[in-house]
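Engineer: Dropping the structure in here first, questions after.
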Amino acid sequence: MANIFEQRKEKGERILSSMRNIKHLIAVGSGKGGVGKSTVAANLAIALAQKGFRVGLADADIYGPSIPTLFNIDDNKVMGTEVEGKSYILPFEKFGIKLMSIGFFVEKDKPLIWRGPMASNTLNQLLVETLWGELDYLIIDTPPGTGDIQLTLTQDFPLSAAMFVCTPQQLAVADVRRAVNMYKNEKINIPILGLVENMAYFTPKELPNNKYYIFGKDGAQQLAQELNLELLVQIPISEDVSLTNDNGNPIALDYTSMEGKTFGELATIVSQRLK
């Protein structure tokens, strides 16, 4: 038994040592897939970097990594280095952000068939063995739901806060309610910055003052009030977001666009909350 405790202590010390130069770890989560969680995580990271912060983005969505595609670096080969006798993975850098994903280590067309402990150990290695350097923010794109990866993150890593992404329809709202309640559980108790409502409405470019609520209206606002959380921003449905995701130039790079301004606003809120 003592040996188990010693192993846990050693593991905890190793994690804290690897994170010591990172001021804030922020988990971006969702209740279900397909709500744009990775899009929000990537664009938040870019918007924070545009404001002069040192930012890293870790793709912890072990089963469905999106970051390599969002940044158009699917085919990049991972390199390693040695520091003080320890081996580290070198993160990729693009748009002023340090990037790491499990997607860089596996063939993109093959499914990842892992049991929970395997996925958790891989996440641990990904975060601990990447040479992040000094960062103001490490944004962690988590898988949807409330599984092993979330437990590993919340129990083993010094998270500063979390935020959750959902769409307006009730199905998505119900799922994110469960995810939020997991983080608010007294045994976990991670501070929650608030909710981000994605695909909140559609505004045609030729009718910039019109809003069409395709997936319903105010679902995230109502949930935020119910859970005593803040609705941070509402992100509209946009063809431009989809196109920029596909070509590896996330929309936040265009800070003059409506969507880019919204992500800039989100970055401002996050930086103010975590001062």
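The values are calculated or read from the model by the stated rules, or taken from the named source; none is laboratory data. This is a predicted model, so every value here is computed, not measured. All Cβ positions, even for glycine, are placed from backbone atoms using ideal geometry, and neighbour counts span all protein chains on display.
Engineer: Within the range 30-52, is there a residue that is out of contact with any Gly (no Cβ under 9 Å at 6 or more places or on another chain), of a type in the set (S, T, N, Q) and free of Cβ contacts under 8 Å to residues at least 60 places away in the same chain?
Structural biologist: no
Engineer: Is there a residue in the range 199-218 that is among the polar types (S, T, N, Q) and closer than 22 Å to Gly33 by Cα?
Structural biologist: no
Engineer: Moving on. Can you tell me which residue in the range 29-53 is surrounded by the most Cβ atoms within 10 Å (Cβ to Cβ), limited to those that are part of a loop (DSSP other than H, G, I, E, B) and out of contact with any helix residue (DSSP H, G or I) (no Cβ under 9 Å at 6 or more places or on another chain)?
Structural biologist: Among those that are part of a loop (DSSP other than H, G, I, E, B) and out of contact with any helix residue (DSSP H, G or I) (no Cβ under 9 Å at 6 or more places or on another chain), it is Gly33.
Engineer: Looking at the range 25-73 only, could you name the residues that are β-branched (Val, Ile, Thr) and more than 26 Å from Arg273 (Cα to Cα)?
Structural biologist: Answer for the range 25-73, where residues must be β-branched (Val, Ile, Thr) and more than 26 Å from Arg273 (Cα to Cα): Ile62, Thr69, Ile73.
Engineer: Among the residues of the range 78-95, is any surrounded by 15 or more Cβ atoms within 10 Å (Cβ to Cβ), of a type outside the set (A, V, I, L, M) and modelled with pLDDT under 85?
Structural biologist: no
Engineer: How about the range 241-254: which of its residues are surrounded by fewer than 19 Cβ atoms within 10 Å (Cβ to Cβ) and closer than 18 Å to Ala45 by Cα?
Structural biologist: Result: Ser242, Asp246, Asn247, Gly248, Asn249, Leu253, Asp254.
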